[in-house]
Amino acid sequence: MKGAFFVTEMIMDWIEKERKRAHTDGVTHPENYPFLLAPDHPNGQAVVLIHGFGATPRSMLAVGEELYRHQFTVIGIRLPGHGTSPQDLMNRKAAEWMQSALCAFDELAACGLNVSVGGLSTGALIALSLASQRPVNRLLLFSPFLRLHHHLAPLAGFLSLIVPYQKRLISASEKNFYYDRRPLKAVAQINHLLRQMPQILPRISVPTLILTSTGDTTIARGTATKLYQRLGARHKIIHTYGDEVPHVITTGENPQLDDVLRRTVDFMSQQFADQ
């Protein structure tokens, strides 16, 4: 592995470019920018963290900080159209989201690091797609799904011609980090990712951790279990929390966040015989 100084400087240059791109796109709140957590004594492992639809890198920061405390190098990316405005998100494509994740992976891999990928919700779909295109070390899937809870979600592309946005209630404390209007054209991009899953899942062979909950009202009940069953990975773990755990499983709104962080680090520290 290259020296820690080289790794840090190389990735810092890249993350600075990403932060400038975010500023140009219209990101203003400091917690909505992509982040880099580079330990003084890196363990040779890195993780790309991918937030969910309509959210920002802030939703992955607690996971990133816990991995950083265990000497992992961590990048939390910002998907295009996020942290800016619903109008910006409306015109973004899933291919742009994928490109952001691929670039982050390639930057870390170029430093000689073993790179894993973690994603929340839609970010988990992007992580799975990335793992079908790059030699990912491990996968962390938080609240992944094969179907959204809303029965009209598969028709989002058509419905966007009639109703451009889906309104939702957001608390005052969260308005800087989530949109109160979801563009249905962008929801249709989630459907594009979902259509790829039947081909991708059987090809996934890397160790995978899935954390989900019965209290998740965003995704269809049982869909994370179906995803787990279809994964081709030999080493795969699923843990299902109870009704008290919400869809966004990686922030302080989850009363079981400490357990999520513990399971994440334990999985990343585990040794697999055929790896």
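The values are calculated or read from the model by the stated rules, or taken from the named source; none is laboratory data. Nothing here was measured: the structure is a model prediction, and the numbers come from that model. Virtual Cβ from ideal backbone geometry, glycine too; neighbours counted across all protein chains shown. Please note that ligands, DNA and RNA were not included when accessible areas were found on the heavy atoms of the full protein model with its side chains. Shrake-Rupley method; radii C 1.70, N 1.55, O 1.52, S 1.80 Å.
Could I have the simple spin-label model distance between H29 and K167, label points 7 Å from Cα toward Cβ, reported in nm to one decimal?
Placing both labels 7 Å beyond Cα along the Cβ direction yields 2.0 nm.
Roughly how many whole Å is it from the C-alpha centroid of the range 171-240 to that of the range 81-127?
Between the Cα centre of the range 171-240 and that of the range 81-127, the gap is 14 Å.
Name the shape class, rounded, prolate or oblate, that the alpha-carbon gyration tensor gives for the range 206-275, where a ≥ b ≥ c are the square roots of its eigenvalues, rounded holds for a/c under 1.5, and otherwise prolate holds if a/b is larger than b/c and oblate otherwise. Present the calculation step by step, with values, prior to reporting the outcome.
On the way: a/c = 3.27, a/b = 1.37, b/c = 2.39.
Oblate, since a/c reaches 1.5 and b/c is not below a/b.
Please give the length that would be gained between D13 and Q133 if that part of the chain were fully extended, namely 0.36 nm times their separation in residues minus their C-alpha to C-alpha distance (nm, one decimal). Numbers along the way, then the final one.
Details: separation 120, 0.36 × 120 = 43.20 nm, distance 2.46 nm.
Going from the current span to full extension adds 40.7 nm.
Using only the Cα atoms of the chain, what do you get for the radius of gyration and for Dmax, in Å?
When restricted to Cα atoms, the chain yields Rg and Dmax of 17.5, 55 Å.
Note down the accessible area of T28, probe 1.4 Å, to the nearest 10 Å².
About 120 Å², ignoring ligands and nucleic acids.
What value in Å³ per residue do you get for the convex hull of the alpha-carbon atoms in the range 181-225? Numbers along the way, then the final one.
On the way: hull volume 4.8 nm³, N = 45.
Residue-normalised Cα hull volume stands at 107 Å³.
Round to the nearest 10 and report in Å² the accessible area of M90, as given by a 1.4 Å probe over the protein chains' heavy atoms.
Roughly 40 Å² of M90 is accessible to a 1.4 Å probe.
Summing +1 for each Lys or Arg and -1 for each Asp or Glu, what net charge is found among the other residues whose Cβ lies under 15 Å from the Cβ of Y165? Provide the component values of the computation, followed by the final result.
Working: positive: R92, K167, R168, R181, R182, K185; negative: D88, D180.
Summing Lys and Arg as +1 and Asp and Glu as -1 gives +4.
Roughly how many Å² of H70 are accessible to a 1.4 Å probe, to the nearest 10?
Solvent-accessible area, nearest 10 Å²: 80 Å².
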